[in-house]
1. Residues in the stretch 167-206, backbone N under 14 Å from the label point at Leu248 (7 Å along the Cα-to-beta-carbon vector): list them, ranges by number please.
2. Measure off, as a whole percent, the carbon and sulfur share of the 1.4 Å-probe accessible area of the stretch 116-193, all protein chains present.
3. Quick one: if you stick a label point 7 Å off each Cα along the C-beta vector at Asn224 and Asp88, how many nm between them?
4. Rounded to the nearest 20 Debye, what is the dipole magnitude of the stretch 126-249 about its Cα centre when Lys and Arg each give +1 and Asp and Glu each give -1 at the C-beta?
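The values are calculated or read from the model by the stated rules, or taken from the named source; none is laboratory data. Everything numeric in this text was worked out from a predicted model, so none of it was measured. Here Cβ is always computed from backbone atoms with ideal geometry, including for glycine, and neighbour counts include all displayed protein chains. SASA here: full protein model, heavy atoms, side chains in, ligands and nucleic acids out. Shrake-Rupley method; radii C 1.70, N 1.55, O 1.52, S 1.80 Å.
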Amino acid sequence: MRPNPDWLVDEPYEDVDLGVLKSGKEAQIDLIERHGHDGTRCLVARKRYLPREVKEKGVLEAMGVQQASTFRHDVEYREGRQFRKSRDRRAVARMSTYGKRLLQDRWTDHEHAVMTRLWRAGLSVPYPLSYHDDAFDMEYVGDRTRAAPQLCAARLERDQLADAFEQLLDGLRLLVAEGMAHGDLSAYNLLWWQDRLWFIDFPQAVDIAANPQGLGFLHGDVVNVCRWFARHGVVVDPEALFAELLALL
Ligand SMILES: Nc1ncnc2c1ncn2[C@@H]1O[C@H](COP(=O)(O)OP(=O)(O)OP(=O)(O)O)[C@@H](O)[C@H]1O
Ligand SMILES: [Mg+2]
């Protein structure tokens with residue numbers, strides 16, 4: 001486990017909103033500068049999950065976000081996650097208004113919990129700081145001049161691509177050894193910063209053993225990233241890699 005970085009986790013501190021970093025399909029990322037009272041500062045990425053099915057622009061603006069998101073295979077992804085009450089499980093399966101609210105509430109909590117577990121296991125993920133209400137605060141990857149680019153936009157040289165692929169393999173092995181599949185792994189959900197590959201965007205991550213579709217998600221992840229690397233000249237056999245990963249379960 002890496003040492004706990006020197007984050008300003010404990011109050012008192014003040015957060016200064018430096019503006020929107022990215023507005024994605026599912027969430028908006030704001031850049032926050034956190035000022036400790038002893039003069040220390042750090043940059044924080046605050047992920048705010050977009051309210052689902054809120055169409056009116058005025059409502060979104062009032063909530064401080066720019067666009068609404070849609071549900072993304074929620075039931076499939078969450079099948080293995082236990083809602084204790086059968087009433088809740090039925091509501092989620094039917095995707096009733098109540099069921100959707102249940103899922104929304106779990107979203108932030110789940111991503112924070114998954115990233116905490118994976119960070120502890122040594123995966124290269126931003127350090128998860130905290131979550132509250134609809135916001136998840138984590139380590140910001142980048143510097144004051146620019147955020148870490150997504151892998152697909154990072155314009156890597158040939159040897160950097162080979163290095164990134166090795167880091168991807170290490171990360172996948174670690175994820176699978178933890179029994180998890182990312183569920184939406186792609187060159188958009190990998191960041192590249194100072195020769196290091198970072199895994200991000202885990203709200204749909206699943207426990208492979210508990211989720212009936214878990215292996216399918218892992219297979220999808222492997223095929224997806226291998227295809228991207230193959231297009232960029234790193235020759236890989238996704239099925240061989242998938243088989244190798246299965247042996248780790
Ligand atoms: N910790 C971070 N540090 C720097 N940039 C980040 C961080 N987290 C997210 N980003 C940027 O914000 C983008 C959106 O974040 P993320 O992928 O978590 O949310 P999303 O809304 O689910 O995205 P998508 O559009 O892929 O559905 C990322 O692709 C990345 O460019
Ligand atoms: Mg993403």
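1. 167-183, 199
2. Numbers: 1500 of 3420 Å².
Here it works out to 44 percent.
3. Each label point lies 7 Å from its Cα, and together they span 2.7 nm.
4. On the way: 8 positive and 19 negative charges, 81 e Å.
Using Cβ point charges on Lys, Arg, Asp and Glu, the stretch 126-249 gives about 380 debye.
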